[in-house]
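Heads up: the structure comes next, in structure tokens.
The values are calculated or read from the model by the stated rules, or taken from the named source; none is laboratory data. Predicted, not measured: the structure shown is a model, and the values here were computed from it. Cβ: placed from backbone, ideal geometry, glycine included. Neighbour counts: every protein chain shown. Ligands, DNA and RNA are stripped out before the accessible areas are found, and what is left, the full protein with its side chains, is counted by its heavy atoms. Shrake-Rupley method; radii C 1.70, N 1.55, O 1.52, S 1.80 Å.
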Amino acid sequence: MKSIILKKIPFYYTIGLFVITIAVTLFITLSFKKNSDTLSKNNATSPSCATTIKRMEGYQFIKPILFTDEDCPSERLSDVKNTIQDIIANYTKFQNVTAASVYVRDYEYNDWTVVNEVVQYEPGSLFKVPVLIAYLRMNEEKPGSLDKELTYSKPFAINKDVAFTAKSIQIGKKYKIRELLKYMIEYSDNNATALLFTSLDVTIFKKLFSDLGLEEPVVNAQQYFFNVQQYSLFMRTLYNASYLNRDNSEFAAELLSKCEFKDGIVKGLPKNTKLIHKFGESGNPQEIQLHESAIIYLNNKSYLLTIMTKGKDNKVLSKLIAEITASVNSAIASPTVTSI
């Protein structure tokens, strides 16, 4: 009969095995936590961040979608926001800038962020974009409206001092509405705008604002105010072709692509960057306002950038707009700005 010989396992083997077991368990636990955190970030929509769907009213059976928005700014653009805030703080401290607000929407991810969104501004010539949209809407309801002729018979009493001027319509000449739209958008001509207002369908114009959830304007009022996020809605409707049909949205964008203002956003972009944009100046001698809103195209990417500013010097404000643009464009173009 064979005897079974039991050999005792050395004590230090037992201790070593115990330590290895603890280490493996700890490694697995930490790896699981890390993966869980990463998954959480990759699906980073806060439970408290709702989605808002804005629909157009006024139809019997349908409610077309204008926008679908996450209510919360994107964490992905937090570094972009911080950089913008630093630039504004520097200009506020050293360059007599009294306020600046910025709205960015990256269309590749439909992410957005905003800086100083509660500040209100007088839009100046930015107001010409909703006039353009209203006229194109008129043309959809009554085809041929853009071929109607208006005569510029006498100067309008325009109580505006402008620093940036270009071409203007001439007294005594007749212009088709489509020509006046060109002068209003490409050259920011206030006389063409005033003449267009004489034939504007006020009901359609006001409905545009109410459809976008904005306060209806008093057409003859001296002032109307937007914050930077509110104004961006007009550019968004054109880009999405969600308010006008596609042909009219494209026509509006083509006019905006020929805007002659080069001292703001254009100056902050690489040469020959494709964009559509409109600028506006307002305010008074004590506080000048300069604004610009654009859709900027970077190869297969595109993004919306609206910048509204207040200060003492138009040159400083245009420089601020260019510097903010350069920083945002660099971030959006960079492959490092990717989904978290």
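Cβ contacts < 7 Å: first residue on the phi < 0 side of the Ramachandran plot and basic (Lys, Arg), restricted to segment 203-229; second residue open to solvent by 10 Å² or more (accessible area, probe 1.4 Å) and assigned to a loop (DSSP other than H, G, I, E, B), any location; separation 6+ or different chain. Result?
That search, which allows pairs on different chains as well, returns Lys206/Glu216.
Can you spot a residue in segment 95-102 that is within 21 Å of the chain's Cα centre (by Cα), among the small types (Gly, Ala, Ser) and surrounded by 22 or more Cβ atoms within 10 Å (Cβ to Cβ)?
yes
Sort out which residues of segment 128-158 are in contact (Cβ under 8 Å) with a residue 24 or more places away in the chain, open to solvent by 80 Å² or more (accessible area, probe 1.4 Å) and either polar (S, T, N, Q) or part of a strand (DSSP E or B) (or both), and write them in order of number.
Across segment 128-158, the qualifying residue is only Glu149.
Just give me the residues in segment 215-250 being part of a loop (DSSP other than H, G, I, E, B), open to solvent by 10 Å² or more (accessible area, probe 1.4 Å) and closer than 24 Å to Ser282 by Cα, in sequence order.
Glu215, Glu216, Val218, Val219, Asn220, Ala221, Gln222, Gln223, Tyr224, Phe225, Asn227
Based on this model, can you work out whether Leu195 counts as over 14 Å from Ser125 (Cβ atoms), modelled with pLDDT of 95 or more and over 24 Å from the mean Cα position of the chain (by Cα)? Don't jump to the end; show me each part of the working.
Values: over 14 Å from Ser125 (Cβ atoms): yes; modelled with pLDDT of 95 or more: yes; over 24 Å from the mean Cα position of the chain (by Cα): yes.
Spelling it out, Leu195 is indeed over 14 Å from Ser125 (Cβ atoms), modelled with pLDDT of 95 or more and over 24 Å from the mean Cα position of the chain (by Cα).
Can you tell me how many residues within segment 251-303 are assigned to a helix (DSSP H, G or I) and in contact (Cβ under 8 Å) with a residue 60 or more places away in the chain?
5
Checking the condition of a type in the set (D, E, K, R), out of contact with any Leu (no Cβ under 9 Å at 6 or more places or on another chain), over 29 Å from Leu304 (Cβ atoms) and open to solvent by 50 Å² or more (accessible area, probe 1.4 Å), which residue from Lys173, Lys167 passes?
Numbers: Lys167 fails: over 29 Å from Leu304 (Cβ atoms).
None of the others qualify; the one that does is Lys173.
Of the residues Tyr175, Tyr109, Tyr183, only one is under 26 Å from the mean Cα position of the chain (by Cα) and at pLDDT 95 or above; which? Steps first, please.
Values: Tyr175 fails: under 26 Å from the mean Cα position of the chain (by Cα); Tyr109 fails: at pLDDT 95 or above.
Of the residues listed, the single one that is under 26 Å from the mean Cα position of the chain (by Cα) and at pLDDT 95 or above is Tyr183.
Checking Thr98 against (1) in contact with a Ser or Thr (Cβ under 9 Å, 6 or more places away or on another chain); (2) among the polar types (S, T, N, Q); (3) part of a loop (DSSP other than H, G, I, E, B): exactly one of these is not met. Which one?
(3)
Scan segment 112-127 residue by residue and report those that are at negative phi and open to solvent by 30 Å² or more (accessible area, probe 1.4 Å).
Let us first name the residues in segment 112-127 that are at negative phi, namely 112-115, 117-123, 125-127.
Residues satisfying the conditions are Glu117, Val118, Val119, Gln120, Glu122, Phe127.
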